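The values are calculated or read from the model by the stated rules, or taken from the named source; none is laboratory data. The model shown is predicted, which means the values in this text are computed figures rather than measured ones. Positions of Cβ are backbone-derived with ideal geometry, glycine not excepted, and every protein chain shown enters the neighbour counts.
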Amino acid sequence: MTDQIVDVLLVEDNPDDAELALFAFKKNNFCNRLHIVRDGAEALEYIFGTGAYAGRKIDPPPRLILLDLKLPKVDGLEVLRQVKSDPRTKSTPIVMLTSSCEEKDLVASYNLGVNSYIVKPVDFQQFVECARTLGLYWLLLNEPPAHTIGKRATAA
């Protein structure tokens, strides 16, 4: 997996939510290249090619990062802060996909540059529909910056 292009990086510590997201994306045929990491520290290592992912090419970055807010080791806000403050990754779309509906979390996320904030639906069908909508917009309709399109085209 070290050199594979990733469509979606899912940062999720709850195995049930991760499996549900994987099922929903596969059901909707949005991406075959989804990588799951279980905590914020692993997410940063993956994104920046350090630690357990040392030597992984970080260019192109994932087309989309789905980021949980409450994570072990490094929380989602810190992951967001680091990704959005690095010139190599700042244009990578990040969707906060979390169970928190607290206003302070929403405001903090947008202040740090999150592209979207979604409270995880509890209902299975609603979660599948949420994943379908996310995939439709971020993977099919959204236009990434031109500098990443060319890199993706040559890398694929």
Task: Residue that is surrounded by the fewest Cβ atoms within 10 Å (Cβ to Cβ), among those in region 106-143 that are under 14 Å from the mean Cα position of the chain (by Cα), of a type in the set (A, V, I, L, M, F, W, C) and closer than 13 Å to Asn28 by Cα - done: Leu139
Task: Condition met for Gly55 (buried (at least 16 other Cβ atoms within 10 Å of the Cβ), among the small types (Gly, Ala, Ser) and more than 21 Å from Phe124 (Cα to Cα)) - done: no
Open item on the list: If I go through region 86-139 residue by residue, how many of them are in a helix (DSSP H, G or I), in contact with an Asp or Glu (Cβ under 8 Å, 6 or more places away or on another chain) and without any contact (Cβ under 8 Å) to a residue 40 or more places away in the chain?
Closed with: 0
Open item on the list: So Lys57 ticks every box in (1) under 14 Å from the mean Cα position of the chain (by Cα); (2) among the basic types (Lys, Arg); (3) assigned to a loop (DSSP other than H, G, I, E, B) but one. Which box is left unticked?
Closed with: (1)
Task: Residues that are among the polar types (S, T, N, Q) and surrounded by 16 or more Cβ atoms within 10 Å (Cβ to Cβ), drawn from region 65-94 - done: Gln82, Thr89, Thr92
TODO: Scan region 25-52 and report the pairs whose first residue is at pLDDT 95 or above and whose second residue is polar (S, T, N, Q), with Cβ atoms within less than 7 Å and a gap of 6+ or a chain change.
DONE: Leu44/Gln82; Ile47/Thr89
- [ ] Can you confirm whether region 88-99 contains a residue that is at pLDDT below 90, of a type in the set (Gly, Ala, Ser) and under 18 Å from Gly40 (Cβ atoms)?
- [x] yes
Open item on the list: Quick check on region 29-37. Is at least one of its residues over 23 Å from Glu102 (Cα atoms) and touching a Lys or Arg at 6+ places or on another chain (Cβ under 6 Å)?
Closed with: no
Open item on the list: Quick check on Pro62: is it at pLDDT below 95, over 23 Å from Ala18 (Cα atoms) and surrounded by 17 or more Cβ atoms within 10 Å (Cβ to Cβ)?
Closed with: no
Open item on the list: When the residues of region 68-85 are narrowed to those that are basic (Lys, Arg) and in a helix (DSSP H, G or I), which ends up farthest from Tyr137 (Cα to Cα)?
Closed with: Arg81
